[in-house]
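Worksheet: one structure, shown below.
The values are calculated or read from the model by the stated rules, or taken from the named source; none is laboratory data. All figures in this text were calculated on a predicted structure; none of them were measured in a lab. Here the Cβ positions follow ideal geometry from the backbone for every residue, glycine too, while neighbour counts run over all protein chains shown. Areas reflect the complete protein model, heavy atoms only, side chains present, ligands, DNA and RNA absent. Shrake-Rupley method; radii C 1.70, N 1.55, O 1.52, S 1.80 Å.
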Amino acid sequence: MGSGEVKISGWVNSLRIVGAVAFLEVMDGGSLQLYTVVIKRHEHPELWNLATHMKIGSAVTVKGSIPSGQISKRGLEVRAYALNLLSEPIDFMPLDPSGKTPALLDTILEHRYVALRIPRQRALFAIRALVVEAVRNYFKSLGFLEVHTPKICGAGAEGGATLFQLDYFGRVAYLAQSPQLYKQMLMCGFSRIYEISPYFRAEPFSTVRHLNESWGIDAEMAFIEGPQDVMRVLEDLIVHVFEYLKAKGQREFSELGINLQVPRKPFKRVTYNEALEILRSRGYNIEWGQDLGSDEERVLGESMVEEGYDAYFITEYPWHAKPFYIMRKKEESESFDLDYRGMELASGGQREHRYDKLVENLRDKGLSIENFEFYLKAFKYGMPPHGGFGLGLDRLVMTLTGVQNIREVVLFPRDRQRLLP
Ligand code: ATP
Ligand code: MG
């Protein structure tokens with residue numbers, strides 16, 4: 001094929017006939033490029049016949065030439081000289097693949113594979129893949145090693161009712177709710193690691209930001225001086241992801257109609273106590289020690305946005321509101337949450353690395369020392385001070401794409417109702 005020639009392998013999204021000219025909108029499955037294939041009756045009578053009887057949703061190949069090379073929103077124009085029908089739908093299409101007639105979220109989730117032909121839907125998942133790419137090259141540049149820890153576990157990170165239980169050759173096992181314990185144990189041998197992996201949580205959620213299977217970006221780093229070292233790595237990661245996406249995701253963001261705003265560094269840092277003050281001044285009274293609910297998160301987010309901050313850290317939570325592995329600082333803790341416009345994106349902090357203190361922390365939370373023996377052992381052999389964070393990948397993609405429901409950016413979401421497809 002010479003220059004200005006193209007071979008498209010993809011699906012027919014729509015057909016329009018204007019007089020003696022047929023316009024087929026075809027989405028190429030490989031390049032994700034949208035084409036408008038033009039066929040004139042008097043030039044190619046056989047192609048015209050095939051094209052004008054084409055069912056929406058058919059899989060085809062097209063060969064043709066590109067006259068002007070102009071890319072428009074509705075795709076590159078192609079003058080076809082060959083058209084092949086490979087596979088015809090045998091049922092009505094469950095949704096309009098051109099996206100002109102919007103589909104309900106439930107319909108999209110039920111027929112995700114077809115929905116991927118809608119340009120907006122493809123853009124969401126192309127962005128998701130770019131985010132993972134950005135995360136990997138960021139960590140690599142800082143010397144973090146990518147690791148993989150087990151997802152079938154003999155003990156949970158925080159214990160309790162939030163774990164999915166399964167039968168493991170007659171023993172009780174759980175699906176991992178986070179890589180927390182393993183990534184900390186690794187600090188005995190590696191000093192900078194990260195993992196991108198699924199979290200399984202058994203709570204009966206019914207919100208737009210929780211799933212029972214979600215993906216997390218976890219990092220852990222040793223030889224730190226305090227939680228601020230970890231916060232800087234997380235802040236730089238977020239900014240890097242935004243910048244990378246702004247540079248590499250232009251086509252996708254223009255499909256979504258979004259002009260990405262890279263958050264300004266340094267992110268605002270407010271202590272838990274300051275957050276309570278801000279909330280009080282807006283009529284929300286929270287008892288000291290309580291976690292912030294979604295209403296409080298939203299109101300705090302509004303106040304931060306008014307100050308010019310989309311992304312902000314909430315630091316020094318009460319120790320009783322945080323898990324046992326967080327380092328205690330009297331009644332408070334060396335912890336932080338990262339929120340973006342009122343939604344939690346990440347939690348992290350400095351961990352307790354001193355064996356005796358860690359045992360004390362477990363006791364304080366009423367957890368069994370015996371169950372955590374395998375984990376505690378790793379703290380007997382020169383465990384350095386360390387800290388890290390867990391960042392929700394799905395929530396990060398929601399933030400970038402501005403979608404309101406986490407299910408939109410997950411191919412086959414798992415929630416209380418949805419187990420199939
Ligand atoms: P939240 O308070 O929003 O329920 P969490 O504090 O229970 O979250 P963490 O244990 O801190 O969650 O997990 C780290 C990150 O993983 C969260 O900040 C969030 O971005 C993401 N995450 C946690 N649970 C879920 C979930 N069920 N669905 C989607 N993302 C989640
Ligand atoms: Mg959290």
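Check the stretch 338-346 and report whether any residue there is at positive phi, under 15 Å from the mean Cα position of the chain (by Cα) and either open to solvent by 40 Å² or more (accessible area, probe 1.4 Å) or within 16 Å of ligand 2 (Cβ to nearest atom) (or both).
no
Residues that are buried (at least 22 other Cβ atoms within 10 Å of the Cβ), within 16 Å of ligand 2 (Cβ to nearest atom) and in the same structural domain as Asn273 (by TED's automatic domain parsing): does the stretch 352-374 have at least one?
Checking the stretch 352-374: not a single residue is buried (at least 22 other Cβ atoms within 10 Å of the Cβ), within 16 Å of ligand 2 (Cβ to nearest atom) and in the same structural domain as Asn273 (by TED's automatic domain parsing).
Go through the stretch 34-64 and count every residue that is open to solvent by 40 Å² or more (accessible area, probe 1.4 Å), touching a Phe, Trp or Tyr at 6+ places or on another chain (Cβ under 8 Å) and closer than 11 Å to Tyr81 by Cα.
3
Considering only the stretch 73-117, state which residues are of a type in the set (Asp, Glu) and open to solvent by less than 50 Å² (accessible area, probe 1.4 Å).
Matches in the stretch 73-117: Asp96 only.
Criterion first (within 15 Å of Leu24 (Cα to Cα) and touching a helix residue (DSSP H, G or I) at 6+ places or on another chain (Cβ under 9 Å)) does Ala123 satisfy it?
no
State all residues of the stretch 213-226 that are open to solvent by less than 20 Å² (accessible area, probe 1.4 Å) and under 24 Å from the mean Cα position of the chain (by Cα); if no residue qualifies, say none.
Those that are open to solvent by less than 20 Å² (accessible area, probe 1.4 Å) and under 24 Å from the mean Cα position of the chain (by Cα): Gly216, Ile217, Asp218, Ala219, Glu220, Met221.
Show me the helices (runs of 4 or more DSSP H) entirely contained within the stretch 95-206 in which 2 or more residues are touching a residue at least 60 places away in the same chain (Cβ under 8 Å) and within 16 Å of ligand 2 (Cβ to nearest atom).
Qualifying helices (runs of 4 or more DSSP H): 180-185.
Considering each residue of the stretch 295-344, count those that are without any contact (Cβ under 8 Å) to a residue 12 or more places away in the chain and within 28 Å of Asp356 (Cα to Cα), and give that number.
So the answer is 1.
For the stretch 344-367, name all the residues that are among the hydroxyl-bearing types (Ser, Thr, Tyr) and within 16 Å of ligand 1 (Cβ to nearest atom).
Ser347
Quick one: in the stretch 392-418, which of the residues that are away from ligand 2 (no atom under 16 Å from the Cβ) and among the polar types (S, T, N, Q) is surrounded by the fewest Cβ atoms within 10 Å (Cβ to Cβ)?
The extreme case among them is Gln417.
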